[in-house]
1. Starting from the Cα-Cα distance between Ser60 and Glu342, subtract it from 0.36 nm times their residue separation and give me the gain in nm to one decimal.
2. In nm, to one decimal, how far is the modelled label at His196 from the one at Thr96, with both set 7 Å along Cα→Cβ?
3. Find out how many positive minus negative residues lie around Ser48, taking Lys and Arg as positive, Asp and Glu as negative, among other residues whose Cβ is under 15 Å from that of Ser48.
4. Once you place label points 7 Å from the Cα toward the Cβ at Asp69 and Lys212, how far apart are they in nm?
5. At a 1.4 Å probe radius, which order do Tyr182, Tyr192 fall into by accessible area, largest first?
6. When the Cα centres of segment 1-50 and segment 101-137 are compared, how far apart do they sit, in Å?
7. Using label points projected 7 Å from each Cα along Cα→Cβ, tell me how many nm separate Glu328 and Leu163, to one decimal.
8. How do Arg334, Arg326 stack up against each other in accessible area, from largest to smallest, with a 1.4 angstrom probe?
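The values are calculated or read from the model by the stated rules, or taken from the named source; none is laboratory data. Not measured: the values here are computed from a predicted model. With ideal geometry, Cβ positions are generated from the backbone for all residues, glycine too; neighbour counts draw on all protein chains shown. With ligands, DNA and RNA removed, areas are computed over all heavy atoms of the protein, side chains included. Shrake-Rupley method; radii C 1.70, N 1.55, O 1.52, S 1.80 Å.
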Amino acid sequence: MPPKFGQLVIGPPGSGKSTYCDGMHQFLSAVGRPCSIVNLDPANDHTSYKPALDVRSLVSLEQIMTDEDLGPNGSVLHALETIEADFDWLEDGLATLDNDYILFDCPGQVELFTHHESLRNIIGKLAKKLDYRLVVMHLVDSFVLTRPSLYISALLLSLRTMLQLDMPHINVLSKIDNLHNYPRLPFDLEFYTEVHDLQYLLPLLNAEQTGKTLPSRPSDDDPTRPATLPELDEDEGEEDVEPSKFDALNAAIVNLVEDFSLVGYEPLVVEDKASMAALLHAADKASGYAFGAEGGANDTIWQVAVRSGATSMDVRDVQERWIDRRVEYDAAEREAWAKEGEEWNRGEDGQGAGGEENVPVGGGEGDEMDLDVDFGKELEGLRRGMKGFDSGVKIVRKKPGQGGSGG
């Protein structure tokens, strides 16, 4: 019996776990990979997706709070202990999903993945009893990059989670597209994703703790972008910041993270196909899906592309697209969408979708600015498929007025 694959999606509250599960489910469906979502969060009663299996059918958070006289956090921990004790419920539910790729949407209580044993035990049973090969997707809101103390806290949380769960693990900086709304970061995005040379953070940590603020870099291309911190003169700098009483502790924490050399981050913009495809490939490599025997001659071109790693992405491209030049890229993208809509309307009149003259989308003069030239070409077919062109991704678009439920 072939192994089964999936992702265990964890992260603090508000990090975007449910949004990620919804977006990844849609993306996997578009590229032809059967996928289902399992909701393990009993407090998650307003999901944007329809779970194939929902823990709320087993336990009720309100009932636990009443019966056990527990608060919300304690009730969530109790719910996970219930799943561990009644693992047959989870096993039977997963059996109905055949060999679907599973996204497990987990609660946001960090105790579950830092020191509580129930989630780890559930994962162990999934691996040993049901032969699931999972990868942990640990989402952290990219807002933590705006303050050195928050970033260091996120590093410690990520490191502790990796040591506790002891599984293939990918740390993800979610909501990268929101960084444009904050004061400019003192370092490029690559500094935060690669987690190298953390000694450079020490002056910023000291300044934050002593009530002074070292400047961030000025905004390069957008004068409306917040840039509230002044520039340092050449003769001013780190030595002018008075020492913090936490200097030694800061240095010890930084050295601890660097000594383990385990933590790194992948950037994520859920609404961006390039970002989702690159993250999916990283997950596939970590779990072994990219090397599995399930892929065969019947795979679509996009299943093959994602499996083979054609959908790679450089963090410097993310920096350019979503931080440095977002205004330009957004304007070009809106223009490309307008042209694409016109081409699709012409296709409905007999050209393009299913017609003899397929109109190319993108690549021409004035079209969408290319985040990564090769990657843009690779995803061009996917974009066409979602507008009705033949790309191997089969999506049926109903004309206005036709009935049917939306997906």
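1. Working it through step by step, the gained length comes to 96.6 nm.
2. So the two model labels end up 5.0 nm from each other.
3. -4
4. In this crude label model, Asp69 to Lys212 measures out at 5.3 nm.
5. Accessible-area ranking of Tyr182, Tyr192, largest first: Tyr182, Tyr192.
6. Result: 13 Å between the Cα centres.
7. Label-label distance for Glu328 and Leu163, simple model: 4.4 nm.
8. Arg334, Arg326
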